[in-house]
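Every number here is computed from the coordinates shown, using simple stated rules; none is lab data. Just so it is clear, the model here is predicted, and its values are computed rather than measured. Cβ atoms come from the backbone with ideal geometry, glycine included; neighbour counts cover every protein chain shown.
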Amino acid sequence: MNIYILLAHPDKNSFNGRLADAYEQEMLLAGHQVRRQNIGEMQFDPILWKGYSVIQQLEPVKVTRIGRVKHLYEEKRSKIIKDIATN
């Protein structure tokens, strides 16, 4: 199974971080593929300084993550289409 862990707590040493650590370790030991992202380690500004009236440029880390998510989506979509076509 593919598992993606997204730790949204800014402190990876928090209780939530420890839960994510334990879950990640157990899933790896069970043989699953695990990807993890700690939002607290990403360097981006979560504040929309001008609200929604001005488009704020995305930080490089966001652009990279969006690209990865799009790639994974397209990969999964292609596999589903192939599975449907062969059944």
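Tabulated results
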read-out	value
Ordering of 29-35, 15-21 by packing [mean C-beta count within 10 Å, highest first]	15-21, 29-35
Longest to shortest principal axis, alpha-carbon extents of the chain, angstrom	51, 34, 17
Charge dipole (debye, nearest 20) of the chain; +1 at Cβ of Lys and Arg, -1 at Cβ of Asp and Glu	340 debye
